[in-house]
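S.K.: First the structure, then my questions, so here it is.
The values are calculated or read from the model by the stated rules, or taken from the named source; none is laboratory data. All figures in this text were calculated on a predicted structure; none of them were measured in a lab. So basically every Cβ, Gly included, is an ideal-geometry build from the backbone, and we count neighbours across all protein chains shown. Quick note on the areas: whole protein, heavy atoms, side chains included, nothing else; ligands and nucleic acids left out. Shrake-Rupley method; radii C 1.70, N 1.55, O 1.52, S 1.80 Å.
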Amino acid sequence: MRIGVVVHGPNIIDLGYALKLIDILKGYGNVKARLGGTMGRTAVIDASLEDVIDISRKLVPSDSLKIFHDDVDVIFLLNYGKSDVTGQVFGYKVYSHYVNKIPDDNIPIIQIERPGEADGSIIPWNHNLDIVKDLSLKLNLDIVSPEEVYERHIKQDSEGINQRVVHGVSPGENIMVNSVVIGKTNSDKLVLIAKDNHIVDIIGGELKIHGLEKLGEVNLDKAIIKTGLLRHAKVTPRVIARDKSEDFKVTFLDHAGEDVYQFKDSNLVITVGDDTTLISSDILYRFDIPVIGITDGDLDKVVEDGFKVKNSIIFEVESGFDDVCGQNIKKEIFGDNVEVFDFKNIDEVKVKIEETIKNINCKYNIKYIN
């Protein structure tokens, strides 16, 4: 049997289940595994699993399923959600998006959710193969039918108002939509409400207007929504040795922390926004790349520990001015580009950034990472 495995999220990797399940599936045939999503990359790197789980491309889970479609006999989706409901609804969304891309849907898709937990499950999304029952017994997982999950889908009324129920939340958690923090929960029940592709209201939480402005238009049905910490495990980050470029490459990243992997060949990354800086510096730590972060103290803390490379520099500007400063830095240093080779070292970049911030009369403090 040719088996494709799509691994989603850091939890199933950090807890060791991804490797265990891949090893078990090898007993049924040839296994090829790839990551679906983004935040699992650091977990794969920290666990030294790059030769087991392909992380060479940034793909949403449904696209990872699609890549396997013509080359395997069955595809497994491995996930470890915050709760059984969260994980199963996630699987429904992934499978629905996959079917939209592959209408013939002739390859069995099987989800393994929260293995090792009392509420763990195995979901045969389109074909109930013998391997499902075999694995449910071997892994002590309940078999959950797609019909039991379908009722949790998005509802839409005739006025074009979308409601999306987000399961498995707790009070006081950040709400991230497509990597942007748009609010905080105040209940264990959360519903996002959108009209004309904009989030307009929330049940069970408080919206963050600045976050909604950053988010802009959004397809609530396809949006990637996460609450709480993006990665829960306490880990020792693995640093990968790399050759430094002879030219000092500086890149610019504005409010898109999870896209930072495309800049891993840089010598320095300038990041804009508190959480973008936190996420980006944590990822870039694995590649020994310092950051210059432009923040305003509005930190939502989406990861437990944010590692930063020694010699990184953090500019904390006046509240609400991180975007303004970021736009001016982009204009003055990068123009229409996202990378430049005009500096010799981080100190030269720091001087230019200070000059740019002073020119717009913005107050700031500087923090050096030692």
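S.K.: Considering only region 95-111, state which residues are open to solvent by 30 Å² or more (accessible area, probe 1.4 Å) and hydroxyl-bearing (Ser, Thr, Tyr). Steps first, answer last, please.
M.R.: The initial filter retains those residues of region 95-111 that are open to solvent by 30 Å² or more (accessible area, probe 1.4 Å), namely 96-97, 99-101, 103-106.
Selection gives SER96 alone.
S.K.: Looking at region 259-275 only, could you name the residues that are under 18 Å from PRO10 (Cβ atoms) and either without any contact (Cβ under 8 Å) to a residue 40 or more places away in the chain or small (Gly, Ala, Ser) (or both)?
M.R.: Selection gives VAL260, LYS264.
S.K.: Determine the pairs where a residue that is at negative phi and open to solvent by 10 Å² or more (accessible area, probe 1.4 Å), located within region 112-133, has a partner that is in a helix (DSSP H, G or I) and of a type in the set (Asp, Glu) with Cβ atoms under 7 Å apart, the partner being 6 or more residues away or on another chain.
M.R.: Note: pairs meeting the criteria are ASP119/ASP84.
S.K.: Looking at (1) surrounded by fewer than 19 Cβ atoms within 10 Å (Cβ to Cβ); (2) within 21 Å of VAL239 (Cα to Cα), can you tell me which one VAL60 breaks?
M.R.: (2)
S.K.: Further, regarding this structure: Could you tell me whether region 296-307 includes any residue that is open to solvent by 30 Å² or more (accessible area, probe 1.4 Å), modelled with pLDDT of 95 or more and of a type in the set (A, V, I, L, M, F, W, C)?
M.R.: Checked against the condition, which is being open to solvent by 30 Å² or more (accessible area, probe 1.4 Å), modelled with pLDDT of 95 or more and of a type in the set (A, V, I, L, M, F, W, C), region 296-307 yields no hits at all.
S.K.: Condition (residue is among the hydroxyl-bearing types (Ser, Thr, Tyr) and within 18 Å of VAL132 (Cβ to Cβ)) applied to region 34-55: is it met by at least one residue?
M.R.: No: zero hits.
S.K.: Has region 330-350 got at least one residue that is farther than 20 Å from PHE248 by Cβ and modelled with pLDDT of 95 or more?
M.R.: Checked against the condition, which is being farther than 20 Å from PHE248 by Cβ and modelled with pLDDT of 95 or more, region 330-350 yields at least one hit.
S.K.: For the structure I just gave you, tell me whether ILE313 is within 28 Å of ALA43 (Cα to Cα), of a type in the set (A, V, I, L, M) and surrounded by fewer than 20 Cβ atoms within 10 Å (Cβ to Cβ). I'd like the intermediate steps shown before the answer.
M.R.: On the way: within 28 Å of ALA43 (Cα to Cα): yes; of a type in the set (A, V, I, L, M): yes; surrounded by fewer than 20 Cβ atoms within 10 Å (Cβ to Cβ): no.
Here the answer is no, as ILE313 does not meet what is asked.
S.K.: If we keep just the residues of region 10-36 that are open to solvent by 10 Å² or more (accessible area, probe 1.4 Å) and among the small types (Gly, Ala, Ser), which is farthest from SER136 (Cα to Cα)?
M.R.: Taking the candidates together, the pick is ALA33.
S.K.: Is it the case that ASP288 is at pLDDT below 90 and either of a type in the set (D, E, K, R) or out of contact with any Phe, Trp or Tyr (no Cβ under 7 Å at 6 or more places or on another chain) (or both)? Give the derivation first.
M.R.: Details: at pLDDT below 90: no; either of a type in the set (D, E, K, R) or out of contact with any Phe, Trp or Tyr (no Cβ under 7 Å at 6 or more places or on another chain) (or both): yes.
When the stated conditions are applied, ASP288 does not pass them.
S.K.: For region 172-246, please list each of the strands (runs of 3 or more DSSP E) lying entirely inside it that holds at least 1 residues being surrounded by fewer than 21 Cβ atoms within 10 Å (Cβ to Cβ) and of a type outside the set (D, E, K, R).
M.R.: The qualifying strands (runs of 3 or more DSSP E) are 190-195, 198-203, 205-207, 225-227.
S.K.: Related question: Which count do you get for residues in region 22-47 that are basic (Lys, Arg) and part of a helix (DSSP H, G or I)?
M.R.: 1
S.K.: Can you tell me which residue is surrounded by the most Cβ atoms within 10 Å (Cβ to Cβ) among those in region 63-75 that are over 20 Å from the mean Cα position of the chain (by Cα) and of a type in the set (A, V, I, L, M, F, W, C)?
M.R.: Here the answer is ILE75.
S.K.: Please enumerate the residues belonging to region 138-148 that are outside any loop (DSSP other than H, G, I, E, B) and of a type in the set (A, V, I, L, M, F, W, C).
M.R.: Correct list: LEU139, ILE143.
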